[in-house]
1. Checking F40 against (1) among the aromatic types (F, W, Y); (2) in contact (Cβ under 8 Å) with a residue 40 or more places away in the chain; (3) open to solvent by 80 Å² or more (accessible area, probe 1.4 Å): exactly one of these is not met. Which one?
2. (1) touching a helix residue (DSSP H, G or I) at 6+ places or on another chain (Cβ under 6 Å); (2) open to solvent by less than 50 Å² (accessible area, probe 1.4 Å): which one isn't true of A95, the others all being true?
3. Residue by residue through region 56-69, note down the ones that are open to solvent by 50 Å² or more (accessible area, probe 1.4 Å) and either of a type in the set (D, E) or part of a helix (DSSP H, G or I) (or both).
4. In the set A85, A28, A112, which member is surrounded by fewer than 12 Cβ atoms within 10 Å (Cβ to Cβ), assigned to a loop (DSSP other than H, G, I, E, B) and of a type outside the set (F, W, Y)?
5. Which is in contact (Cβ under 8 Å) with a residue 24 or more places away in the chain and over 26 Å from Y114 (Cα atoms), of V73, V51?
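The values are calculated or read from the model by the stated rules, or taken from the named source; none is laboratory data. All values reported here derive from a predicted model rather than from experimental measurement. As a convention, Cβ positions derive from the backbone with ideal geometry for all residues, glycine included, and neighbour counts pool all protein chains shown. What goes into the accessible areas is simple: the full protein's heavy atoms, side chains included, and nothing from ligands, DNA or RNA. Shrake-Rupley method; radii C 1.70, N 1.55, O 1.52, S 1.80 Å.
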Amino acid sequence: MENTLGNKIMLIESTDEVRVAFYKKTYAHVAGGVLLFVLFEYLLLQSETVVTFMMSMTQGWRWLVMLGGFMFVTSYAESTVLKTADKNVQYGAYALYVFAQAIIFVPLLYMAIYYTE
């Protein structure tokens with residue numbers, strides 16, 4: 001069984017230099033996503049309107065609506081990344097996914113901040 005996809009070689013079969021470069025790029029993107037998440041979260045928590053709205057979405061059936069919206073955005077971002085080879089579009093989808101993560105964390109982080117003061 002051959003472990004290639006067209007002209008691509010699986011990472012396990014590549015040289016150490018190629019693997020190191022891959023891991024550096026991967027974790028640089030993860031670090032960028034974390035930094036973007038922190039920035040989005042900071043900006044979202046500065047807006048009392050956003051915090052009030054997001055706290056209201058944690059009540060009853062509204063939470064299911066919010067989770068459904070999060071699932072929709074996640075699915076859209078994933079399908080966008082898989083369908084296109086344009087790096088700018090892929091980064092935009094990644095940023096959209098990170099923004100959705102930041103939105104869903106607003107109530108949790110607000111409660112953590114509120115109860116630690």
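1. (3)
2. Failing condition for A95: (1).
3. Residues satisfying the conditions are W61, R62, W63, L64, V65, L67.
4. A85
5. So the residue among V73, V51 that is in contact (Cβ under 8 Å) with a residue 24 or more places away in the chain and over 26 Å from Y114 (Cα atoms) is V73.
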